[in-house]
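Take a look at the structure below.
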Amino acid sequence: METEIKLALPAASRATVEGHPLFAAAEARTVRNLSTYYDTPDFALRARRVSLRVRDAGGNFVQTVKSLDAGKGFASRGEWEWPIASDALDRDALARDPEALALVARDLDRVGPVFTTDVDRTLRMLTLDGKTTVEAAVDAGEVRAGDRRSPLGELELELKGGPVGPMLRLAADLVRQGSLRLGSDPKSERGYALLTDALPPHRDVAELGLARDVTLGDAFPAMLDAAARGFALDLSPAARGDVEGIHRMRAAIRKMRTLFVLFAPYLEPVATARFNAELRDFGRVLGGGRDWDVFLTETLVEAGAEVGAEGLDVLRTVAEARRADAHAAVKAAVEGPLPTDLLLGLTLWTAEGGWLRKPGAAGDRLRDLLPDLLDRLERKALKRGRRIGTLGTEDLHGLRKSLKKLRYACEDVASLYDRADVHRHVGAIKKVLQDLGHINDAAVTAERMDELTAAGGPELAAPGEALLAWNAKRRKGSERDLRRRWRKFRHADPFWA
């Protein structure tokens, strides 16, 4: 098991990092690392969040298997490595560890080299607070896949001994001094980015498969970590304006905020409120980009017959300019300091136990606590949905947010209950959310049209009116279905009762 923090290191920041007193006082040695990564033609290892590589480190050959899912905590991952005789993949060496072999065995006959990294690595051993030992590696080089190249500059801090807290605080200090940010992409993902546009796979909170006897002290950090990993892996896709990357990052934010609400009675309130506010504000920036993505890629497509091809072209031209502005704001936020500060802060918060309001509750079985926790979420949703037929747009949006939290919470703890019971209850919630989503889309469409009308000219009038007429019909149908589906959900027996 390894625990490490990777920080993107621009060439201009290297002197600042190496001028830090801890770095300046440590002996440095530089070695060239030439690493070859292996996968199947359809990237089956990547799909399972596993990497397999052979590294030539100055004539010493090491074979490594890593699993993103095997670690405990955002900065941790499973790692198995062995010295081998040459720079060729040694399949026999994998048999030395059955756990590592199990990760790659089904595809071992199909794997081949897919890309390489060529890096000059400068290593230092640091001692922090007299009790924590950290290997600091400054990497400079490139990733190569065929004739494609991508520069690489990175600072890697790997825990070698002692508590993780001092290493996380050193990382935060270097971030502030050197204007660094989290290197959200492992080197393997840099290579895959040269080969495919597919987003990096990550495990959702609901995929954790919590054990029936899992305790609160183990469950909350693991669930928060799973959402944080997804958030981190989608930083790069969101920064380049990938529609699905922005969407997935917003979902990861909602997952984290749901966990804060679900576990609120057991969480330290001050830090929880700060993290929640930062995630909320960050999510609003992403939401600006997402709203225009939906308008252009979904709403206009669905309304095409009513608006007409010529009208769609007029709307798209003006909307694309607004989306470009929104995506520029997303890029600035993603590449700014907040994601790095947030992820380091959350990691330190859970690693040192600062999250737990009542330390004595850490050993409590989660399943014993869930009925009260889930009841709180359901009661809030039911309260917001009273007299649903009379609710306006804002109140319906509030109900939608409450139901989303309940849905995510149910999915996240599904492994602790009968799957069929959870599926039925979540299915009822999803049907209500589907109608609420259409109503919300209709409200957002009207808002976007107000913005376009203010920014455009008279040529927008006719297609705008056609779009809004289609939009009003869409909303009316969803409002009719909503009342029926809400009654069904309201009378359903919760699976946790």
Listed residue (Leu366, Gly112, Pro166) projecting farthest to the positive dipole end of the chain, Cβ model:
Leu366
Can you give the relative contact order of the chain as a percent, counting alpha carbon pairs under 8 Å and 6+ residues apart?
14 percent
Based on the Kirkwood radius over alpha-carbon pairs, what is the Stokes-Einstein translational diffusion coefficient of segment 323-418 at 25 °C with 0.890 mPa s viscosity, in µm²/s?
143 µm²/s
Under a Cβ-only charge scheme (Lys and Arg +1, Asp and Glu -1), can you give me the dipole magnitude of segment 269-490 about the Cα centre, in debye to the nearest 20?
1560 debye
Just grab the label-to-label distance for Thr133 and Ala497, each label 7 Å out from Cα along the Cβ direction, in nm (one decimal).
5.8 nm
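Of Lys66/Lys405; Lys383/Lys404; Lys405/Lys488, which pairs sit farther than 25 Å apart, going by alpha carbon to alpha carbon?
Lys66/Lys405
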Report the label-to-label distance for Leu34 and Lys430 in nanometres (one decimal), using points 7 Å from each Cα along the Cα→Cβ vector.
5.0 nm
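Computed FRET efficiency, Cβ-Cβ of Asp87 and Ala472, R0 45 Å: what is it to the nearest 0.05?
0.10
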Any chance you could give the angle, 0 to 90 degrees and rounded to 10, that helix 393-412 forms with the longest Cα principal axis of the chain?
40 degrees
Can you work out the FRET efficiency for the pair Ala47 and Thr453, with r the C-beta to C-beta distance and R0 = 51 Å, to the nearest 0.05?
0.70
What is the P(r) of segment 269-490, as percent of Cα-Cα pairs per 10 Å bin from 0?
7, 24, 28, 26, 12, 4, 0
With a Förster distance of 30 angstrom and the Cβ-Cβ distance between Glu352 and Ala25, calculated FRET efficiency to the nearest 0.05 equals 0.70
Listed residues Ala26, Pro186, Thr340: farthest to the positive end of the dipole of the chain (Cβ charges)
Thr340
Treating the beta-carbon of each Lys and Arg as +1 and of each Asp and Glu as -1, no other charges, what is the dipole magnitude of the chain about its Cα centre, to the nearest 20 debye?
2020 debye
Quote to one decimal, in nm, the extra length available between Ala446 and Lys160 on full extension: 0.36 nm per residue of separation minus the C-alpha distance between them.
97.4 nm
Largest first and rounded to whole Å, the semi-axes √(5λ) derived from the alpha carbon gyration tensor of segment 406-472 read 41, 11, 6
Specify the inter-centroid distance of segment 346-365 and segment 204-240, based on alpha-carbon positions, in whole Å.
16 Å
Give me the dipole magnitude in Debye, nearest 20, for segment 410-497 about the Cα centre, with unit charges on the beta carbon: positive for Lys and Arg, negative for Asp and Glu.
640 debye
Would you please give the residues with an amide H less than 5 Å from that of Gly183, counting only those at least 5 places away or on a separate chain, with H modeled from the backbone geometry?
Lys6, Leu7, Ala8
Tell me, Kirkwood radius of the chain from alpha-carbon pair distances, in Å?
25.1 Å
Between segment 8-36 and segment 432-462, what is the separation of their alpha carbon centroids in Å?
51 Å
Rounded to 10°, Cα long-axis angle of helix 338-351 versus longest principal axis of the chain
70 degrees
Selected from Ala469, Val301, Gly153, residue furthest toward positive end of dipole (the chain; charges at beta carbon)
Ala469
Beta carbons within 10 angstrom, averaged per residue: use that to sort the peptides 363-371, 216-224, 430-438, 105-113, highest first.
216-224, 430-438, 363-371, 105-113
Rounded to the nearest 500, what is the chain's calculated 222 nm mean residue ellipticity when only DSSP H runs of at least 4 contribute -39500 (n - 2.57) each, over all residues?
-17500 deg cm²/dmol
What distance in nm separates the simple spin-label points at Asp395 and Glu207, each placed 7 Å from Cα in the Cβ direction?
4.0 nm
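Bear in mind these aren't lab numbers, they're just calculated from the coordinates by the rules spelled out. Here the structure is a predicted model, which means the values were calculated and not measured. Positions of Cβ are generated from backbone atoms using ideal geometry, with glycine treated the same way; all protein chains shown enter the neighbour counts.
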